[in-house]
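A short worksheet on the structure shown next.
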Amino acid sequence: MNVLIKTATIIDPLSKFHNEICDVLIEKGKITKIATSIDNTNNYKTIGLDNLHLSQGWFDSSVCFGEPGFEDRETIENGLKTAAKSGFTTVALQANTYPVIDTNANVAFVLSKAQNHAVKLLPIGALTKNSESVDLAELFDMKNAGAVAFSDYKKPISNPNLLKIALQYASNFDGLVCSFPLETKISGKGIVNEEFNSTSLGLKGSPNLAEALQVTRDLFLLEYAGGKLHIPTISTAESVALIRAAKSKKLDVTCSVAIHNLCLTDDVLVEFDTNYKVNPPLRIQKDIDALIEGLKDGTIDMVTSDHNPKTIEDKKVEFDHAAFGTIGLESAFGALNTVVSTKKAIQLLTKGKTRFGQETSSINEGEMANITLFNPTGTYAFAESDIVSKSKNSAFLGQALKGKAYGIIANNKIVL
């Protein structure tokens with residue numbers, strides 16, 4: 001793959017061309033020249049796009065594709081195509097398939113389906129067998145097969161001793177354990193944030209306490225057992241404060257936040273649109289302010305689209321009976337770009353890979369191209385025509401977004 005990128009602003013603090021407008025020559029997948037102007041003497045394919053910006057390839061630490069078992073929601077092939085067109089060069093795939101990804105054979109299957117794509121797929125193995133929170137899954141075997149972390153997607157580990165053992169066992173091979181922050185005995189049958197809106201709308205609420213208690217428990221277990229812990233998709237001010245304190249004690253903990261939890265409050269629930277039914281639920285502005293502050297001071301390590309396709313049968317039902325989840329890859333950059341600066345958005349979208357065992361690339365001569373192409377300006381209303389996913393359950397439909405991804409150059413391939 002040979003291509004010449006013309007007149008692009010490079011946003012990459014690791015590049016000596018950071019903040020400069022340059023031409024970039026890529027030959028056989030490698031960046032061979034970066035300069036103010038490069039002549040296309042070899043008649044390579046030329047890319048010239050409006051207000052073109054380049055950054056390191058974006059990373060998403062939590063996506064669901066459905067395959068195997070739920071191909072009606074999404075396939076791996078179309079999911080990777082969606083990720084590429086949304087600007088992501090690497091995605092971590094959750095284990096909530098059928099069967100659950102809880103063996104080395106299951107890990108090998110999804111990796112085989114992802115071969116020869118521009119986007120790199122990182123499998124996350126289930127932490128417990130069949131994600132039932134009873135017995136640990138084959139963690140070491142899955143790690144050897146290519147799993148980068150272990151998580152029971154959206155299912156909290158109810159038995160604290162099981163999480164303690166998981167942390168101790170995985171530390172023998174530098175395994176990353178993920179624990180979803182929800183105490184189900186407190187949340188009960190809650191489906192939205194417990195606040196004024198849940199009461200006025202007659203919807204069962206789940207309080208901030210349900211998340212904070214679980215985060216507190218997991219941090220105590222980490223301090224006792226050691227190991228590496230990742231807490232995905234926190235959503236409350238209390239969680240930010242707890243994790244900030246844990247990091248000050250030098251505990252090996254990271255966390256993420258879903259982009260929709262940064263952009264939307266539970267005020268949108270007045271529409272009873274089931275696309276807003278997500279887990280953790282949309283909170284209030286006080287929580288969003290704390291989450292953004294956590295991003296700015298480094299307490300929160302990464303953002304995620306938490307891309308979770310659901311079929312129309314899962315969503316076109318009463319709010320109480322609808323499935324949790326929203327797609328988010330296509331809207332990720334445009335939504336994040338509305339709440340933080342573009343440079344901060346790029347920083348957040350390129351962070352986190354090292355936590356999942358991946359090397360960081362840069363836009364410099366001699367490096368293999370792992371690049372996202374995007375336009376950071378322009379406001380538009382996100383519409384169904386912007387969706388590449390098979391499922392259309394987006395919480396951002398009709399929302400004003402800023403900026404769009406053009407595509408990626410990675411793995412010696414171009415997707416625009």
Quick check: anything in segment 290-300 over 19 Å from the mean Cα position of the chain (by Cα), under 20 Å from GLN214 (Cα atoms) and at pLDDT 95 or above? yes
Kindly check whether there is at least one residue in segment 28-48 that is part of a loop (DSSP other than H, G, I, E, B), open to solvent by less than 30 Å² (accessible area, probe 1.4 Å) and at positive phi. yes
Enumerate the pairs (first residue in segment 96-122 and in contact (Cβ under 8 Å) with a residue 24 or more places away in the chain and crowded, with 22+ Cβ neighbours inside 10 Å; second residue anywhere and among the hydroxyl-bearing types (Ser, Thr, Tyr) and part of a loop (DSSP other than H, G, I, E, B)) with beta-carbon separation below 7 Å, excluding pairs fewer than 6 apart on the same chain, so at least 6 apart or on different chains. ASN96/TYR153
Report yes if some residue within segment 71-89 is touching a Leu at 6+ places or on another chain (Cβ under 7 Å), farther than 19 Å from SER394 by Cα and either of a type in the set (A, V, I, L, M) or touching a residue at least 60 places away in the same chain (Cβ under 8 Å) (or both); otherwise report no. no
With segment 221-309 as the region, which strands (runs of 3 or more DSSP E) entirely inside it contain at least 3 residues that are open to solvent by 10 Å² or more (accessible area, probe 1.4 Å)? none
Please enumerate the residues belonging to segment 125-147 that are open to solvent by 20 Å² or more (accessible area, probe 1.4 Å) and either part of a helix (DSSP H, G or I) or of a type outside the set (D, E, K, R) (or both). LYS129, ASN130, SER133, VAL134, LEU136, PHE140, ASP141, LYS143, ASN144, ALA145, GLY146
For segment 377-402, which residues satisfy the criterion of being assigned to a strand (DSSP E or B) and either surrounded by 22 or more Cβ atoms within 10 Å (Cβ to Cβ) or touching an Asp or Glu at 6+ places or on another chain (Cβ under 6 Å) (or both)? SER394, LEU401
Run down ASP23, ASP60 and say which single residue is at pLDDT 95 or above, in a strand (DSSP E or B) and in contact with a Phe, Trp or Tyr (Cβ under 7 Å, 6 or more places away or on another chain). ASP60
Looking at (1) polar (S, T, N, Q); (2) surrounded by 19 or more Cβ atoms within 10 Å (Cβ to Cβ); (3) out of contact with any Gly (no Cβ under 6 Å at 6 or more places or on another chain), which is the one condition that is false for THR216? (2)
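The values are calculated or read from the model by the stated rules, or taken from the named source; none is laboratory data. Here the structure is a predicted model, which means the values were calculated and not measured. Positions of Cβ are backbone-derived with ideal geometry, glycine not excepted, and every protein chain shown enters the neighbour counts. When the accessible area is computed, the model is the full protein with side chains, heavy atoms only, and any ligands, DNA or RNA have been set aside. Shrake-Rupley method; radii C 1.70, N 1.55, O 1.52, S 1.80 Å.
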